[in-house]
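Asks: Below is one structure. I have some questions about it.
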Amino acid sequence: MAEIDNKTGRTVPVMEKIIMSDEEAAEFDKKQFASLPRTLNFKVGRGYNYTRDGLADRIQTAALRSFATAVLSVGNRAALGFSVSGRDNLDALGKSGAVTVCNHVHMLDCTMIDSVLYPRRTYYVTLEENFSIPVVNYIVRTLGGVPLSKDPHAMAELFNSMAEAAKKGACVQIYPEGVLVPYCDNLRSFRGGAFRLAVDAGVPILPMVIKKEPPQGVRRLYKRKPCLRLVILPPVYKTPGLNPREAAADLCARTRAAMQAVLET
């Protein structure tokens, strides 16, 4: 699937619009990961194993993810004042897969989301450059990270792999705002790729919102920044009778409105 980029006039796969423009990606990378050494020459090739469904891969993922969930759940609660509400909305999915979306306001918000989705099989779309960092590349990939390449063929393969994974019951996490803006108070503009993916896979969007809250109790003694609460909203399903483009746009609008309403309360 491809669309015309209004800025450049070139044809790009829908997946290229999921995360960020090249300029935003470069700026994000510069700010957040400039100090990390990229010594590996990593490039996504044709036929890349995005889903890691082999037995050995699944065992590694389950072991590392279980350990990370146990450690980071405690760490996030203590350091960030992390809490969760709306777990019943996650349960409402049953065994269905979903595309999960959330505002991007903290470097560790992916760990917060993962601790909530665990033990569901989950994939996280992330920048290809992050797979060039020694050790980090293994951790990211094993925990479910999938690289977003700028190569059109690789993007198409990624999109198709994630659609198939969602059809089989996996959650695919995408930040529709794209770039991280720490402790941002408002929702920024959404890109449409996450919603087109949900439409094509025939799965709902599961919206999540990270809200800032003032520290309470003992946390007031050591926290200067707000505590973070992850609110899980009810699944949003596509409207019947619309073509894929219309259905994705409608899904995006309704999801954003629901997320905005939570932030305003």
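The values are calculated or read from the model by the stated rules, or taken from the named source; none is laboratory data. As the structure is a computational prediction, the values presented were derived from the model and not from experiment. FYI the Cβ positions are ideal-geometry reconstructions off the backbone, even for glycines, and counts take in every protein chain you see.
Asks: Residue under question is Ile113, and the condition is that it be surrounded by fewer than 21 Cβ atoms within 10 Å (Cβ to Cβ) and in a helix (DSSP H, G or I); does it hold? Spell out the reasoning first.
Replies: Numbers: surrounded by fewer than 21 Cβ atoms within 10 Å (Cβ to Cβ): no; in a helix (DSSP H, G or I): yes.
Considered against the rule, which asks whether it is surrounded by fewer than 21 Cβ atoms within 10 Å (Cβ to Cβ) and in a helix (DSSP H, G or I), Ile113 comes out as no.
Asks: Identify the single condition in (1) part of a helix (DSSP H, G or I); (2) of a type in the set (Lys, Arg); (3) without any contact (Cβ under 8 Å) to a residue 60 or more places away in the chain that Lys238 does not satisfy, given that it satisfies every other one.
Replies: Condition not satisfied by Lys238: (1).
Asks: Tell me, which helices (runs of 4 or more DSSP H) wholly within the stretch 11-102 include 1 or more residues that are over 26 Å from Arg229 (Cβ atoms) and at pLDDT 85 or above? Lay out the reasoning, then the answer.
Replies: Details: elements: 22-33, 55-80, 87-91.
Result: 55-80.
Asks: Being closer than 12 Å to Ala68 by Cβ and either free of Cβ contacts under 8 Å to residues at least 24 places away in the same chain or under 12 Å from the mean Cα position of the chain (by Cα) (or both) is the filter; apply it to the stretch 123-144 and report the residue that is surrounded by the most Cβ atoms within 10 Å (Cβ to Cβ).
Replies: Checked the stretch 123-144; the qualifying residue surrounded by the most Cβ atoms within 10 Å (Cβ to Cβ) is Gly144.
Asks: Something else about it: Is it the case that the stretch 176-193 has a residue that's hydroxyl-bearing (Ser, Thr, Tyr), closer than 20 Å to Ser83 by Cα and crowded, with 21+ Cβ neighbours inside 10 Å? Before the answer, list the steps.
Replies: To start, the set of residues in the stretch 176-193 that are hydroxyl-bearing (Ser, Thr, Tyr) comprises 183, 189.
Now narrow it down to the ones that are closer than 20 Å to Ser83 by Cα: 183.
Now restrict to residues that are crowded, with 21+ Cβ neighbours inside 10 Å: none.
No, every residue in the stretch 176-193 fails to be hydroxyl-bearing (Ser, Thr, Tyr), closer than 20 Å to Ser83 by Cα and crowded, with 21+ Cβ neighbours inside 10 Å.
Asks: Now, a different point. Check the stretch 211-219 and report whether any residue there is under 23 Å from Arg120 (Cα atoms), out of contact with any helix residue (DSSP H, G or I) (no Cβ under 7 Å at 6 or more places or on another chain), outside any loop (DSSP other than H, G, I, E, B) and not hydroxyl-bearing (Ser, Thr, Tyr).
Replies: No, there is no match, as no residue in the stretch 211-219 is under 23 Å from Arg120 (Cα atoms), out of contact with any helix residue (DSSP H, G or I) (no Cβ under 7 Å at 6 or more places or on another chain), outside any loop (DSSP other than H, G, I, E, B) and not hydroxyl-bearing (Ser, Thr, Tyr).
Asks: For the stretch 232-265, name all the residues that are among the charged types (D, E, K, R) and over 22 Å from Cys171 (Cα atoms).
Replies: The answer is Glu246, Glu264.
Asks: A follow-up question, please. What is the one condition in (1) buried (at least 17 other Cβ atoms within 10 Å of the Cβ); (2) over 27 Å from Glu264 (Cα atoms) that Lys167 does not satisfy?
Replies: Unmet condition: (1).
Asks: (1) of a type outside the set (A, V, I, L, M, F, W, C); (2) under 24 Å from Val71 (Cβ atoms); (3) in contact with a Cys (Cβ under 7 Å, 6 or more places away or on another chain): which one isn't true of Gly97, the others all being true?
Replies: (2)
Asks: Would you confirm, using the coordinates I've provided, whether Ala166 is touching a Pro at 6+ places or on another chain (Cβ under 9 Å) and assigned to a helix (DSSP H, G or I)?
Replies: When the stated conditions are applied, Ala166 does not pass them.
Asks: Additional query: Condition first: basic (Lys, Arg), surrounded by fewer than 16 Cβ atoms within 10 Å (Cβ to Cβ) and either out of contact with any helix residue (DSSP H, G or I) (no Cβ under 6 Å at 6 or more places or on another chain) or modelled with pLDDT of 95 or more (or both). Can you find one or more residues in the stretch 252-259 that meet it?
Replies: For the stretch 252-259, residues basic (Lys, Arg), surrounded by fewer than 16 Cβ atoms within 10 Å (Cβ to Cβ) and either out of contact with any helix residue (DSSP H, G or I) (no Cβ under 6 Å at 6 or more places or on another chain) or modelled with pLDDT of 95 or more (or both): absent.
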